[in-house]
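These notes concern the structure reproduced below.
The values are calculated or read from the model by the stated rules, or taken from the named source; none is laboratory data. It should be emphasised that the depicted structure is a prediction, and the values quoted were computed from it without experimental measurement. Here the Cβ positions follow ideal geometry from the backbone for every residue, glycine too, while neighbour counts run over all protein chains shown. With ligands, DNA and RNA removed, areas are computed over all heavy atoms of the protein, side chains included. Shrake-Rupley method; radii C 1.70, N 1.55, O 1.52, S 1.80 Å.
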Amino acid sequence: MKIVKILTFLTLSLFCNITIHADIDYSQKIEFSGGFEKIKISNEGVTIGESASNFPNNYFNGVWHSTKLDMNFQRKVLGGHRITDLDFQNGNIYATTYMLKDDGPGLFKISNNFQKVERIGKKASLNKVHAFKDKVYYGGSNYGAWVVNQDNTNNLQLLGNDGYGPQIDQIKSNSENIYILSRGSLYFSPYNKDSLAQLFPIYRLSNIEPSEKYILATSWDKFLILDLNGKVTFEKQFSNQIKVLKSYQNYIFLTEVSPSEQKIWVSNDLGKNFYESKTKFNSSYLIRDIELTGTENISIFLNFTNNKIIKAKFIFDYDEERFLSLPFKTRNPNDLVDRITSFFDHRYPYLGNQLEPINFAETTLNFYGSELKKPYLYYSSHDGVDYGLPMYSEILAVEKGVANYIYNPGGLGHALIISHPNNYLTVYGHLDESNLITKTTTEVQKGEVIGKVGMSGNTNGPHLHFTIYKGKKELINKVDPFGWYGSFPDPWGTKSRYLWDLNLSKLNQEINLNTSNYISNNNLELKLDLISNQNTYHLTFYPAAPVFDRINFKYKERTSYKLEMKNLLNEKVISFASLRFKGFTNPHDEKKYSIFKYDGENLIRLETMFDAEKNILATYTSLDGQYMVLENGIKKISTKSTFKTTE
């Protein structure tokens, strides 16, 4: 079989020319044929509803299920029923059906093991269902909108009269309200009232995606953002009709259909910019449904009207904006993360420019999306990345540009700021005065030595303070060169992108525990306990900046990793594993080293065993935190100054 990998590149005019890579990677393409109306992903696997057949018998239609992401579907229940929609809640599957089967259409409640099926709600041909908390909202083409308790009590009509009503096109929710779209009109129903009110946007809507603060929507060829009262607050025009709208993590997906082709557009900045995937599809077979799962390695499922479901890998990247080389000399590229002693604070990177709210004063939010509540080295409101380096370590220009000298005795001390041709600025602080490349201005080349680590300015130890701006040297333009990997929107906005020209050494793997439960990365090995003999899980496994008590312990280089297991819905799953660190050289005392777990607040020493012959330190623990190896014997630097720096 010939595998084709299609990539896309789109040049945008922002501060510089950026090449966007936003596409579907067909090297991981899987197809499944059937004729399916809806595809849904739950922590039990992937479920689809067949609706294409016209034969009312058990060999056609019904609910299909795959316990893993490998698209190995089997028909489970409701054979002969034409499935029109699916949803999940409280461990149950809810399916709406259209007339075919002798026992009639309606709304069905299915146990997650497919052993029990019961009819609830109105017996009618239905087309939409949305399960929310302990209720199920549903509707049909001629029956309006209804709500029923999941125990099949209190079945009420919300939209329409006497059992009939207008066609229901979509039912969605945020944490409080249900939103119902019917023939272009938008309604909402508070969960605790079972009543319906209408919102009045200026357009007839075709898709909705509600959130806690706004409603994403489309109206023919327009992408819209509405406030929760229905007022249009943002609008973007496309050339052709928008058919599908889907929000996932920080991304917004939509499909645009012309007479000859359909495109997928993606935004990660709330619609300000949409990036076009160059993977296009013939418009004779439309995408009617999109589902996604994963965090960094995202799997996308496309459900087509030609009775095919395609699963592939979705990629979103800024390839050509990766221009930063290492700012210091090292033999190990992992030092890009290993040497971090303070993060860019994504929640509040103001660093003295403005007063930080008291509720954030003791927290730091790093680029992994981890909130660090009681910092050891990192601190709140930090506007750059600090690297702990030996005194007089050589500092390098990360890109060519014009270097200017600045001096602030109460802040960064002796520092250099380099203006780069792509309109980025980089700042290098706390340098040694006697080794600066200039005390005025000069041109520098990428990788050129521009100074050495010192202790000038406000610091209690030798380190490099590295800050980057996109555009002018203004507060709002400060960015994190590591980007943002959190599972929720970056509180600092969408300014930060991964800018280094080398990759972080990390893995985000799709694991089938039926085939393997052993993983190795550099000097860390994992042997996982078997969670389930059916499901697929995502293991997030990457080097993380060390967190340690610098007064009492010394960090063993390249031993800090963050580990997290999630199911298909990106919900955290507690798994246990044997964790082994290897590669220690000539340890004289097996008690010298300890494995510590950091849970975001506490640093906990774990019970370990040491194999002196193989130089392996092992423990057994749960995969829900950051792990590192520390040893005793670090010297405290004596100084009266504080570690915090300001500009």
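Counting residues in the stretch 55-63 that are modelled with pLDDT of 90 or more, surrounded by 17 or more Cβ atoms within 10 Å (Cβ to Cβ) and within 30 Å of Glu276 (Cβ to Cβ) gives zero. Among the conditions (1) hydroxyl-bearing (Ser, Thr, Tyr); (2) modelled with pLDDT under 90; (3) open to solvent by 10 Å² or more (accessible area, probe 1.4 Å), the only one that Ser42 does not satisfy is (3). Scanning the stretch 129-147 for residues that are touching a strand residue (DSSP E or B) at 6+ places or on another chain (Cβ under 7 Å), more than 17 Å from Lys193 (Cα to Cα) and either in contact (Cβ under 8 Å) with a residue 40 or more places away in the chain or surrounded by fewer than 20 Cβ atoms within 10 Å (Cβ to Cβ) (or both) yields Val129, Gly139, Asn142. Is it fair to say Thr515 is at pLDDT 75 or above and polar (S, T, N, Q)? Taking the combined requirement at face value, the residue does not satisfy it.
A quick yes/no check of all residues on (1) touching a Phe, Trp or Tyr at 6+ places or on another chain (Cβ under 9 Å); (2) of a type in the set (Phe, Trp, Tyr); (3) in contact (Cβ under 8 Å) with a residue 12 or more places away in the chain:
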position: Phe367; (1), (2), (3): yes, yes, yes
position: Lys373; (1), (2), (3): no, no, yes
position: Gly384; (1), (2), (3): yes, no, yes
position: Pro390; (1), (2), (3): no, no, yes
position: Ser393; (1), (2), (3): yes, no, yes
position: Glu399; (1), (2), (3): yes, no, yes
position: Asn404; (1), (2), (3): no, no, yes
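List the strands (runs of 3 or more DSSP E) inside the stretch 349-435, counting only whole elements, that have at least 3 residues being out of contact with any helix residue (DSSP H, G or I) (no Cβ under 6 Å at 6 or more places or on another chain) and surrounded by 22 or more Cβ atoms within 10 Å (Cβ to Cβ). Qualifying strands (runs of 3 or more DSSP E): 385-388, 413-419, 424-431. For first residues located in the stretch 244-267 and more than 20 Å from Ser496 (Cβ to Cβ), partners that are in a strand (DSSP E or B) and among the aromatic types (Phe, Trp, Tyr) and lie 6+ apart or on another chain with Cβ distances below 6 Å form the pairs Lys246/Phe253; Leu254/Trp265; Gln262/Phe281.
Taken residue by residue, the stretch 356-366 has no member that is over 21 Å from Pro546 (Cβ atoms) and of a type in the set (Ser, Thr, Tyr). Among the candidates Ser189, Ser219, the residue that is under 30 Å from Lys495 (Cβ atoms) and open to solvent by less than 20 Å² (accessible area, probe 1.4 Å) is uniquely Ser219. Within the option set Lys439, Lys452, being over 22 Å from Trp484 (Cα atoms), part of a strand (DSSP E or B) and open to solvent by 40 Å² or more (accessible area, probe 1.4 Å) holds for one residue only, Lys452. Within the stretch 149-186, take every residue that is farther than 25 Å from Val232 by Cβ and touching a Lys or Arg at 6+ places or on another chain (Cβ under 7 Å) and give me the one that is surrounded by the most Cβ atoms within 10 Å (Cβ to Cβ). The residue in question is Gln150. Considered as a group, the residues in the stretch 114-128 that are among the charged types (D, E, K, R) and either outside any strand (DSSP E or B) or touching a residue at least 60 places away in the same chain (Cβ under 8 Å) (or both) include one that is least open to solvent (accessible area, probe 1.4 Å), and that residue is Lys122. Comparison of Leu224, Leu292 shows that the only residue that is under 19 Å from Arg204 (Cβ atoms) and either among the polar types (S, T, N, Q) or open to solvent by less than 30 Å² (accessible area, probe 1.4 Å) (or both) is Leu224. Of the residues making up the stretch 482-503, those that are open to solvent by less than 60 Å² (accessible area, probe 1.4 Å) and assigned to a loop (DSSP other than H, G, I, E, B) are Gly483, Trp484, Gly486, Asp490, Trp492, Gly493, Ser496, Arg497, Leu499, Leu502. Per the conditions (1) at pLDDT 95 or above; (2) more than 17 Å from Val385 (Cα to Cα), the sole criterion not satisfied by Val453 is (2).
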